[in-house]
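*Asks:* I'd like to ask some things about the structure below.
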Amino acid sequence: MTFRAGAPAITSAPRGDLTALNTWAPRMRGNEPEDWKQRALLFVDHIHWLWGEYSDQFLDFLGHAEQEPGVLPHFGWIHISRVHGKGRNWVSGVLARLWPGNVASSLDLMSILDDSFNDRLSRCICAIVDEINEGGSQSYQHAQALRQLVTAEVREINPKYGRRHMEYNSTRWIFFSNHTGALPLGDEDRRFFVVEHEGPVRDTAYYERLYRALDDPLFIASVAEFLRTRDLSNFWPGRLPPMTRAKAALIDFSRSEDDEKFRELAACWPVEVISAAELRDLFAFDVLQRKSTKHSMDRAGIRKLKKIRINHVPEIVYALCDYDYWTKRSPDEVRLEINSASRELKLEHMERDDADRRVRL
């Protein structure tokens, strides 16, 4: 198969030989006005307003896309604002003009995840998803698929009309949302830098100035020069995004009722293993048949062990922690752990935690 490295001029390139990617927009590069620094301030100041304390990291992210388009960072961005009309789509418009033909703006994420046709991602340097609010029963499935989109080294492009082919993945992802629960993320997420902007929109004159600049070639050339010359010594494509306040809120919002139940179970159960019968007794008879339950248990670190006989009945047992340790233990050792606390003591621990939680609330 042919590997395309992410730009129209490239049809086949060895790994790392991606310098031709810098030819996407020759009209803009080298044609910047003398006062490009002053002109680019409109863009820079708007980013500083929207991204706040994380604006330098976001500008580095964009500068890296301009300077090293073939080197894919290991993370994307989620920007949350509960108020519409702050000018995030203007940022999208600037990027679409900055890298013409290589930005998938206003991308319908669900169509990419649910449909086999993904040609909008072909030779794409930046994908921008507007107003994402991903919920429903498939939300975690979509989140898993999205992580693959963000970090996969190569992807198969399947156009609706044309032949399938493989491309090196050089797509940076930016998500805009008006909801805290923009996309379900787990505690283990290492793929998204999440920020939130609070406060009202600015006055009409401010946005009129923004959109007048959008169609000014000298302004776009100035932004290109700003990103082309930006010092990226503090930027590392493989750096893990921090646990920002906005990300912690998103993760907390993403947890389902089952997630909370199994996290509490793993934290409060007085022994390190639990039988399927005890789980059914605690929650519901059909709890282990639900697909959602399996995902919640996995996210809580609860993993299935082999069946053992408990009171002469074959029973599945789950490790609440230290799976590698318990999977090597004998049935007698697992039974001993289960029986090391009485049923009354186990329920007392759970009830005590529930009472403490209600007090905290």
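*Asks:* Could you please find all residues in region 70-103 being in contact with a helix residue (DSSP H, G or I) (Cβ under 6 Å, 6 or more places away or on another chain), modelled with pLDDT of 95 or more and within 25 Å of residue 190 (Cα to Cα)?
*Replies:* 103
*Asks:* Working only within region 163-199, note down all residues that are modelled with pLDDT under 85 and surrounded by fewer than 20 Cβ atoms within 10 Å (Cβ to Cβ). Lay out the reasoning, then the answer.
*Replies:* Taking region 163-199 first, the residues modelled with pLDDT under 85 are 179-190.
Once the filter is applied, which keeps residues that are modelled with pLDDT under 85 and surrounded by fewer than 20 Cβ atoms within 10 Å (Cβ to Cβ), region 163-199 yields 179, 180, 181, 186, 187, 188, 190.
*Asks:* Related question: Checking the conditions here, which among 79, 46, 64, 84 is assigned to a strand (DSSP E or B) and not aliphatic (A, V, I, L, M)? Give the steps one after another, and end with the answer.
*Replies:* On the way: 46 fails: assigned to a strand (DSSP E or B); 64 fails: assigned to a strand (DSSP E or B); 84 fails: assigned to a strand (DSSP E or B).
Going through 79, 46, 64, 84 in turn, just one is assigned to a strand (DSSP E or B) and not aliphatic (A, V, I, L, M): 79.
*Asks:* For region 257-336, which fully contained strands (runs of 3 or more DSSP E) count at least 1 residues that are within 19 Å of residue 350 (Cα to Cα)? Please lay out each step first, then the result.
*Replies:* On the way: elements: 273-275, 303-310, 313-319.
Ranges flagged: 273-275, 313-319.
*Asks:* Suppose we filter region 322-340 for residues that are surrounded by 15 or more Cβ atoms within 10 Å (Cβ to Cβ) and in contact (Cβ under 8 Å) with a residue 40 or more places away in the chain; how many remain?
*Replies:* Residues of region 322-340 that are surrounded by 15 or more Cβ atoms within 10 Å (Cβ to Cβ), as a first pass: 323, 326, 329, 334-335, 337-338.
With in contact (Cβ under 8 Å) with a residue 40 or more places away in the chain added as a condition, the list becomes 326, 334, 337-338.
Count: 4.
*Asks:* Right, next: Could you check how many residues of region 25-67 are at pLDDT below 95 and surrounded by fewer than 20 Cβ atoms within 10 Å (Cβ to Cβ)?
*Replies:* Here is the first cut: in region 25-67, the ones at pLDDT below 95 are 25-34.
Checking which are surrounded by fewer than 20 Cβ atoms within 10 Å (Cβ to Cβ) leaves us with 25-27, 29-31, 33-34.
Here the count works out to 8.
*Asks:* Let me ask something else. List, please: which pairs have Cβ atoms under 7 Å, are six or more places apart or on different chains, and start with a residue in region 182-209 that is farther than 30 Å from residue 236 by Cα and end with one that is surrounded by 15 or more Cβ atoms within 10 Å (Cβ to Cβ)?
*Replies:* Every condition considered, the pairs that remain are 201/86; 207/87.
The rows are residues; the columns are (1) outside the structural domain of residue 351 (by TED's automatic domain parsing); (2) crowded, with 19+ Cβ neighbours inside 10 Å; (3) modelled with pLDDT of 90 or more.
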{"position": "264", "(1), (2), (3)": "no, no, no"}
{"position": "271", "(1), (2), (3)": "no, no, yes"}
{"position": "279", "(1), (2), (3)": "no, yes, no"}
{"position": "291", "(1), (2), (3)": "no, no, no"}
{"position": "295", "(1), (2), (3)": "no, no, no"}
{"position": "304", "(1), (2), (3)": "no, no, yes"}
{"position": "311", "(1), (2), (3)": "no, no, no"}
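*Asks:* Evaluate region 229-243: report whether one residue or more is in contact (Cβ under 8 Å) with a residue 40 or more places away in the chain, touching a strand residue (DSSP E or B) at 6+ places or on another chain (Cβ under 8 Å) and in a loop (DSSP other than H, G, I, E, B).
*Replies:* Checked region 229-243: at least one residue is in contact (Cβ under 8 Å) with a residue 40 or more places away in the chain, touching a strand residue (DSSP E or B) at 6+ places or on another chain (Cβ under 8 Å) and in a loop (DSSP other than H, G, I, E, B).
The values are calculated or read from the model by the stated rules, or taken from the named source; none is laboratory data. As the structure is a prediction and not an experimental result, all values here were calculated from the model. Cβ atoms come from the backbone with ideal geometry, glycine included; neighbour counts cover every protein chain shown.
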